[in-house]
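The values are calculated or read from the model by the stated rules, or taken from the named source; none is laboratory data. Fair warning: this is a prediction, and the values are worked out from it, not measured in the lab. No Cβ is skipped: glycine too gets one built from the backbone with ideal geometry, and neighbour counts run over all protein chains shown.
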Amino acid sequence: MNVNYMVSLIAVIALFLIAYVGVELGRLQVLFGVIVPYAAVIIFIGGVIHRVIDWARSPVPFRIPTTAGQQKSLPFTQHARFDNPFTAGGVLVRMALEVLFFRSLFRNTSANLDPDGKLSYIWEKWLWLGALAFHWSFLTVLIRHLRFFTEPVPLPIQVLEKVDSFMQIGVPGLFLSGAVLLAAVLFLFLRRVWIPQVRYISLAADFFPLFLIIGIAFTGILMRYFTKIDVVGAKALAMGLVSFHPVLPEGVGGIFYVHLFFVCVLLAYFPFSKLMHMGGIFLSPTRNLPGNTRAVRHVNPWNYPVAVHTYEEYEDEFREKMIEAGLPVEKE
Ligand code: HEM
C-alpha cells in the first residue's frame, strides 16, 4: 500500500468530516458558506499573481524551445511549422494545439520490456484520452455552474446545459460532463495505483488533488441525483457571495457545504500545487519561444562582465584544505 495515497485519502476524508460535522452539528454555516469561500478566492487570486510574477521575473537568457521537428532552415529542408515554430504566429498555433488538445501528450510513448528482453515503445493513448476527457469535462462543468452565479442565466450557458443533457436520461436529466468528469478522474487515479512504475513515482501531491476532485464530483452528483438539494437555495447563496451580500438559506444541507468546502480547498491549494501547470504552460520558455536560432543571433541580455569564481581563486581559497585531504593542487 502506497503511504502517499493513504495520507491523501485520509486528508480528504477529514476535510469531508470537518465541513459536514461543522455544518450539521456545529451550525457553522457562516464559516463554511461565507468566510471560507472568500478566503479561498483571495488566496487563489493572490497565489496565482505571486506565481506568475515569479515566473515572469525569471531570466530567460537562452533560446530553449523544445524542438520536435526541423527548424526553418535552407530552402530544400522541410520545415515543421508547428513542432518547431519560427514566428510568434507559429508559437500561437503550437500553444493552442498543446493547450486545447494536449498535442505533446498525444505523442507520448511508454517503454515496454517483453519477457524475452525485447524493448518496445507503445503509443500511450489512454493517458492522453483520459486527460482530455478530464480537462474538457471539468471546463464544461465549471461553465455550466455559472448558472448559479448569474441572473438571468446567459443564453450560451443555457444552450450548453441543453447540449450536455441531450440524452435525457432520468429526472433531473443526466449531465454527461459531470459523469465523464467522475469517470475520468477515477481513471487517472486507478492508473496511478495500477501501473507499478507510476505508483512508485506518485507523491501525496499527486493523489491529493485527485481525491479532492473525486470528492467534488461525487458530492455534486450525490446532490443532484440522489439527496436532491434545494437548487434555489444554493443559487441564493452563490448569488449572495458574488454580489457581496452573503445569505445563508435554509434547506441546503451538509453535502452542499462539503461540495463548496472541497472547491474552496482546491482553490486555495491550486496556486501552490502542480495544478499551476494551467498557468505555467503559457510562461514556459520551452513552449513560448520561436525556434529561430538559425536566422536570428540571440545575444545574452545579461551585461558583462559577469561575476565569476575562477578555479585559481577557488584553489587559493581551499588550498590548505585540499592538501590536507590529499587532493592534487596546481600551485603548491
Ligand atoms: C471546481 C468547481 C466545481 C466542480 C468541479 C463541481 C462539480 C459538480 C458536479 C460534477 C456536479 C454534478 C452535476 C453536474 O454535472 O453539474 C455538481 C453539482 C452541483 N454543484 Fe458543483 N462543482 C464545483 C463548484 C461548485 C460551487 C462553487 C458551487 C456553489 C454554488 C456548486 C454547487 C453545486 C450544486 C448546487 C450542485 C447540484 C446541482 C443540481 O442539482 O443541479 N458547485 N457540481
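Inspect the stretch 48-63 for any residue being within 16 Å of the ligand (Cβ to nearest atom) and surrounded by 12 or more Cβ atoms within 10 Å (Cβ to Cβ) and give the result as yes or no.
yes
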Selection from the stretch 129-145 of residues within 10 Å of the ligand (Cβ to nearest atom) and of a type in the set (A, V, I, L, M) yields Leu139, Val141, Leu142
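Restricting the stretch 23-46 to residues that are of a type outside the set (A, V, I, L, M, F, W, C) and over 27 Å from the mean Cα position of the chain (by Cα), which is surrounded by the fewest Cβ atoms within 10 Å (Cβ to Cβ)?
Step one: list which residues in the stretch 23-46 are of a type outside the set (A, V, I, L, M, F, W, C), which gives 24, 26-27, 29, 33, 37-38, 46.
Keeping just the survivors that are over 27 Å from the mean Cα position of the chain (by Cα) gives 24, 26-27, 29.
On the way: Glu24: 14, Gly26: 12, Arg27: 9, Gln29: 16.
In this case the residue turns out to be Arg27.
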Of Val263, Val258, the only residue that is among the aliphatic types (A, V, I, L, M), more than 9 Å from the ligand (Cβ to nearest atom) and surrounded by 16 or more Cβ atoms within 10 Å (Cβ to Cβ) is Val258
Margin query: Among the residues that make up the stretch 110-131, is at least one of them of a type in the set (Ser, Thr, Tyr) and over 28 Å from Leu289 (Cα atoms)?
Written below: yes
The stretch 246-332: helices (runs of 4 or more DSSP H) wholly inside it with 3 or more residues that are modelled with pLDDT of 95 or more are 254-269, 311-324
Filter the stretch 202-230 for residues that are part of a helix (DSSP H, G or I) and farther than 26 Å from Val252 by Cα; the one that is farthest from the ligand (Cβ to nearest atom) is Ala204
Of the residues in the stretch 220-266 that are charged (D, E, K, R) and in contact with a Phe, Trp or Tyr (Cβ under 8 Å, 6 or more places away or on another chain), the one that is farthest from Leu28 (Cα to Cα) is Arg224
For the stretch 107-140 the number of residues that are touching a residue at least 60 places away in the same chain (Cβ under 8 Å) and either closer than 20 Å to Gly233 by Cα or among the hydroxyl-bearing types (Ser, Thr, Tyr) (or both) is 0
